[in-house]
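J.: Sharing a structure, written as structure tokens. Questions coming.
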There are 4 protein chains.
Amino acid sequence: MILTLKADATKPQIDSVLKKIKELGFTPHTTHGKEMTIIGVIGENAILSRDIFEAMDGVESVAPISKPYKLVSREFKKENTVIDLGHGVLIGADRVIVMAGPCSVDTKERLLYTAQAVKEAGARVLRGGAFKPRTSPYAFQGHGEKALRFLAEVRKQTGLPVVTEVMNVNDVKLVEEYADIIQVGARNVQNFDLLKAVGKTKRPILLKRGMSTTIQEWLLSAEYVMSNGNYNVILCERGIRTFETSTRFTMDLNAVPVLRHLTHLPIIVDPSHGVGIREYIPALAKAAVAVGADGLMLEVHPKPEEALSDGPQSLLPEQFAKLMGELRAVALAVGRTL
Amino acid sequence: MILTLKADATKPQIDSVLKKIKELGFTPHTTHGKEMTIIGVIGENAILSRDIFEAMDGVESVAPISKPYKLVSREFKKENTVIDLGHGVLIGADRVIVMAGPCSVDTKERLLYTAQAVKEAGARVLRGGAFKPRTSPYAFQGHGEKALRFLAEVRKQTGLPVVTEVMNVNDVKLVEEYADIIQVGARNVQNFDLLKAVGKTKRPILLKRGMSTTIQEWLLSAEYVMSNGNYNVILCERGIRTFETSTRFTMDLNAVPVLRHLTHLPIIVDPSHGVGIREYIPALAKAAVAVGADGLMLEVHPKPEEALSDGPQSLLPEQFAKLMGELRAVALAVGRTL
Amino acid sequence: MILTLKADATKPQIDSVLKKIKELGFTPHTTHGKEMTIIGVIGENAILSRDIFEAMDGVESVAPISKPYKLVSREFKKENTVIDLGHGVLIGADRVIVMAGPCSVDTKERLLYTAQAVKEAGARVLRGGAFKPRTSPYAFQGHGEKALRFLAEVRKQTGLPVVTEVMNVNDVKLVEEYADIIQVGARNVQNFDLLKAVGKTKRPILLKRGMSTTIQEWLLSAEYVMSNGNYNVILCERGIRTFETSTRFTMDLNAVPVLRHLTHLPIIVDPSHGVGIREYIPALAKAAVAVGADGLMLEVHPKPEEALSDGPQSLLPEQFAKLMGELRAVALAVGRTL
Amino acid sequence: MILTLKADATKPQIDSVLKKIKELGFTPHTTHGKEMTIIGVIGENAILSRDIFEAMDGVESVAPISKPYKLVSREFKKENTVIDLGHGVLIGADRVIVMAGPCSVDTKERLLYTAQAVKEAGARVLRGGAFKPRTSPYAFQGHGEKALRFLAEVRKQTGLPVVTEVMNVNDVKLVEEYADIIQVGARNVQNFDLLKAVGKTKRPILLKRGMSTTIQEWLLSAEYVMSNGNYNVILCERGIRTFETSTRFTMDLNAVPVLRHLTHLPIIVDPSHGVGIREYIPALAKAAVAVGADGLMLEVHPKPEEALSDGPQSLLPEQFAKLMGELRAVALAVGRTL
């Protein structure tokens, strides 16, 4: 942490800053210049005390040096984390993994039909919502445990591992029982009790970025999961909220190489939510593969106009199959398979 | 809901849109023009089916007419909601109510000292955090139930009702036992299970706006609380996330008159979080009273440099007392008391 | 400027950074720590070379210490700048100055009528657009020089000094001839050639904030004007672009105390554009006075439905008169007059 | 345009709305429902009168139907515009066109060296700044006409057509003389007088998106150019301003398919500014090709640490050459050449 003192900081002010640094067990390194005095504060987690220094008289600003997270960082682990889902599905390895399926699970028949279709086209994980976070209390909220059972049955029939969302600490055990990957949705990215709870499960966690979460905050949310013992976290970019209203959210594909630099965790992209309009999704899916994502999450529904949620952004199975061919070509072009 | 059809929508496409409208139990009102065909769709909650229509061929766009919320709206209840906390404290009435106290509860002595100081200066509610949502897993997470007990004891000694945050559905019962107002924080504004849970309590709910929640989404979150039976919701603007980094968040004071127009619920403002820098808080607090807020939430701590969280944005008791005098003058200028 | 070197920066990398610092005529102050090496770079305008250092191997990050602007800063001039418009009108003094009038000048009769009405209600400056920046090429673009002549005639009849916008370097001379204050609009805040040109005039410049301009960028734009010789700059906050769509822009009233801290220049607020909806403007105007603005800019039109632009956000003369009474009360409450 | 009337709109209010519609020469189509009355307003450019209707009593909201722009739209011209720069360079055709070169032109030797290097690697247009919009008045402002001459000489030696920026209406003639493509920068995207001026030239215009310009506003800016007679406009996405600070801007690649749907104009992407950090640029460049851009603009400099601007985001010639190979593979994967 670096403290920059105010140009007119007094000697007593500087002294009490130095005293506080030592009290907290850190070592100060002071540099006096004509225009400024700066103090480097060395010590484990010094930045976590930034509030204390910001509140002191004479302090102009406090800047972090080392990053506030640890377990998620490249410094902690140099090589990429690869998560083994069983069934030969590795996330974070050479193959780009596509997770596909309906936004909400509706009937078992339709789920099975969709699962078979996406599997045939090359998807390796089935997605499907059982608990649905909905902006309106009057909107469909998900079929809950019944949907989880459908997912498990369809897994048995197709061999596709399943990813589904948990919204509530009390449902973590239940979802853990059924899911191969537990999803924490964008609206819960800073639901810290939920992060702690999923951090104690044995399943990989797919952690979506919040709609206005900075990359640093997102990594700190992943750090909540890891510091509770679960090291298998998949980061999923799904669009951020900006001033632009012609798409549902703004995909932040910059985030992929930035994350690759900062963290060893696998990174996937969800263009369905990031764009929100069916006809634009294929273009963004190809961009996501080209930018270096380890996987994609895509909504597919055989009858979008009857979907219980997100119909307008669901691909038809035949659109999905066509897209998979295109994605394969892009994956090869960037040295990967799909 | 108004559907605008594409300029080149075919007769069969239009017919299947009309068929779907009737299937869903709504009434279509069609207008054909040279450039366009528009269909008004009349019926309770028609807008909740917008996804279905957006996914249909031939449909250009879908626009809501009636608002998607109901219980929170001015149409539902014309006169302002006034919430009676007991002890003669009314929120939403003529008097602007100031809630003050430390961000996190630390020691009982310090809490009592602060409570007495803010009470003497004119605060009518004591704030204090027991459960603290923190971006980093390594930051102080609150003293939990012990802090709740301190709050209750200080309430007994000072007569000040208490507002404190709940983060987790499993803590709702516990917090309800101790608190006079249950706060749902910005990061949980779309934690829908938590909203349902507090909607089943008997305490007023102080619902903070999320850092990137639109006014409409925020009102829908309030609708979650109300539709679960709890009609006493206080909306608290606390700054939104924008590109500007010279303050912690950007206070959206526009929201106050907009909410006043849309809803009957009381509206308060939290300039401590909205600005995040001590010296700018008094100016924004005065602006909040002038713009028409029903109350303020302010962080006060006798030793900000030792505060367990948010030291840099906590006012000293003497700064708070001075500010209260200034706020009183502004309140009178806009026809209120404080 | 502070350089933080990468944890694994090599000796030769560090040496070449030090060499470059000296080459550029600055003095390095180096601190070696266990986790990092930091180098303070002392010298006039060192930060302007930040690009060079960011591009060097071994450099992790570059942070400014001293601010990148000079003439606009409080350090350069401690006391507030007060701009004398003649006619006894001072901007930046105790009295809050209200500038009012139509968005676009239409007929001379209507302009005179409006000017007399706003003057009677207490406005001290007349606003009116002659050159109008419009998003669409098909929208009304202003009456140009004819409108400038109307403004000058109405000034003669009412004694109100006039503020009007210039959009183009070639019109600067013309506008300077007619206007008492030359406005640079939000869309031109980084039209640097225009800033240089108005910096060479003798008139005070009213510089609106751009819709996504940070406070620092805005101050650098003011620095363009001042560094060209014109020290009379008035900063005008007029709302920033955010994700919220229920108002036209989001008023950033935080900016007022932040600017007060950073600069000696007078600060005014334009709630008409910042909110964009007539019925919400009075609340925000009161907030702007309470937060400490030196003045307000308000759109007033006797027939908003016939206004050539911005009808929906124009106050009627009688609404304006009522608001002025309310603003006077708020001004007194914060120790000012109006 | 669709007017939705307030639920409690009175008969006289509705009548005066209908009267105004006819006065303005439009045709009203009225639909009365239980909850609402809606009026479709048919006629050329009806939406440009939206302000008038929004200001009328009884009107709840005004929504556009037809888009506010015309010449730029797909409706106006179904097939993609292809711009022929001579030298066999077509923008908007199958081949993805890469424009590369230094941010600012420095010496002629270095410009020539860079031009030869990027040409050899496959770039088809040379970029180089002569007039530089800089946030600080103290930063390097470009070598002006001298730099234009260097560009022309290097064009002669390499055969590469040249793109360079104009900032000022008075320099348009000069830049037109030297440039093959005239660039209007992000900060001037709503400098309407400049748009009109370049609309009267014979050169293709490369119009960058402003940092907070919506897609619709951007298209309206392109409409300014086209409605002044110049139909050769290239749209260039270069990153928008969001809350995320870990990259310089946030690339909005969603914009590419959205624009493809709305307009016939060619679309290119500038990842150098959109990310702003050298090591992340290749990933985003590949994404831009995959998402369907017709071209890329990339900053290349042989000595980034000596560049007069944007050193940290300039690729080295050897990085650029390597990237071009990778881009070629991605282009082929999406059915194009490069």
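J.: Condition first: charged (D, E, K, R) and either crowded, with 19+ Cβ neighbours inside 10 Å or under 42 Å from the mean Cα position of the chain (by Cα) (or both). Now tell me which residues in segment C:1-15 satisfy that.
T.: C:K6
J.: Does at least one position in segment C:244-261 carry a residue that is surrounded by fewer than 24 Cβ atoms within 10 Å (Cβ to Cβ) and over 19 Å from C:S212 (Cα atoms)?
T.: Yes.
J.: Continuing with this model, one more query. Please tell me if A:K22 is more than 28 Å from B:Y280 (Cβ to Cβ) and either modelled with pLDDT under 90 or out of contact with any Ser or Thr (no Cβ under 6 Å at 6 or more places or on another chain) (or both).
T.: Yes, satisfied.
J.: Follow-up. Of everything in segment A:234-260 that's under 22 Å from A:R95 (Cβ atoms) and part of a helix (DSSP H, G or I), which residue is nearest to the other protein chains (Cβ to nearest Cβ)?
T.: A:P257
J.: So, one more: With the requirement that a residue be crowded, with 24+ Cβ neighbours inside 10 Å and β-branched (V, I, T), what does segment A:262-305 give you?
T.: A:T263, A:I267, A:I268, A:V269, A:V275, A:I281, A:V289, A:V291, A:V300
J.: Limited to segment D:286-326, what total is found for residues that are among the charged types (D, E, K, R) and within 14 Å of chain A (Cβ to nearest Cβ)?
T.: 4
J.: Which condition does D:S73 not pass, out of (1) modelled with pLDDT of 85 or more; (2) farther than 13 Å from D:H264 by Cβ; (3) more than 11 Å from chain C (Cβ to nearest Cβ), if it passes all the others?
T.: D:S73 satisfies all of (1) modelled with pLDDT of 85 or more; (2) farther than 13 Å from D:H264 by Cβ; (3) more than 11 Å from chain C (Cβ to nearest Cβ) except (2).
J.: Give me the residue from segment D:261-285 that is part of a helix (DSSP H, G or I) and of a type in the set (S, T, Y) and, out of that set, farthest from the other protein chains (Cβ to nearest Cβ).
T.: D:S272
J.: Right, something else. I'm told A:Q216 meets every condition in (1) surrounded by 22 or more Cβ atoms within 10 Å (Cβ to Cβ); (2) touching a residue at least 40 places away in the same chain (Cβ under 8 Å) except one. Can you identify the failing condition by its number?
T.: It is condition (1) that A:Q216 fails.
J.: Go over the candidates D:R50, D:R110 one by one and state the one that is over 17 Å from D:E23 (Cα atoms) and either of a type outside the set (G, A, S) or not in a helix (DSSP H, G or I) (or both).
T.: Only one candidate qualifies: D:R110.
J.: May I ask you to list the residues in segment A:170-202 that are over 22 Å from A:V125 (Cβ atoms) and among the small types (G, A, S)?
T.: A:A197
J.: Further question: Only one of (1) in contact with a strand residue (DSSP E or B) (Cβ under 9 Å, 6 or more places away or on another chain); (2) among the hydrophobic types (A, V, I, L, M, F, W, C); (3) buried (at least 24 other Cβ atoms within 10 Å of the Cβ) fails for C:L308. Which number is that?
T.: Result: C:L308 fails condition (3) only.
J.: Taking B:L298 as the residue in question, decide whether it is part of a strand (DSSP E or B), touching a Phe, Trp or Tyr at 6+ places or on another chain (Cβ under 7 Å), under 18 Å from B:H273 (Cβ atoms) and among the aliphatic types (A, V, I, L, M).
T.: yes
J.: Continuing with this model, one more query. Residue pairs, Cβ under 6 Å, 6 or more apart or interchain, first in segment B:185-200 and closer than 11 Å to A:P133 by Cα, second β-branched (V, I, T). List them.
T.: B:D193/B:V169
J.: In addition: Looking at segment D:121-135 only, could you name the residues that are over 13 Å from D:L308 (Cα atoms) and within 24 Å of the chain's Cα centre (by Cα)?
T.: D:G122, D:A123, D:R124, D:V125, D:L126, D:R127, D:T135
J.: Name every residue in segment B:242-271 that is over 20 Å from B:E299 (Cα atoms) and among the basic types (K, R), in order of residue number.
T.: Scanning segment B:242-271 gives a single hit, B:R260.
J.: Also, quick follow-up: Among the residues in segment D:276-287, are any touching a helix residue (DSSP H, G or I) at 6+ places or on another chain (Cβ under 9 Å), over 25 Å from C:I52 (Cβ atoms) and not hydroxyl-bearing (S, T, Y)?
T.: Yes - at least one qualifying residue is present in segment D:276-287.
J.: Return the residue satisfying two criteria in turn: it lies in segment A:40-69 and is modelled with pLDDT of 85 or more and buried (at least 17 other Cβ atoms within 10 Å of the Cβ), and of such residues it is nearest to the other protein chains (Cβ to nearest Cβ).
T.: In this case the residue turns out to be A:M56.
The values are calculated or read from the model by the stated rules, or taken from the named source; none is laboratory data. From a predicted model like this one, the values you see are computed outputs, not experimental measurements. Virtual Cβ from ideal backbone geometry, glycine too; neighbours counted across all protein chains shown.
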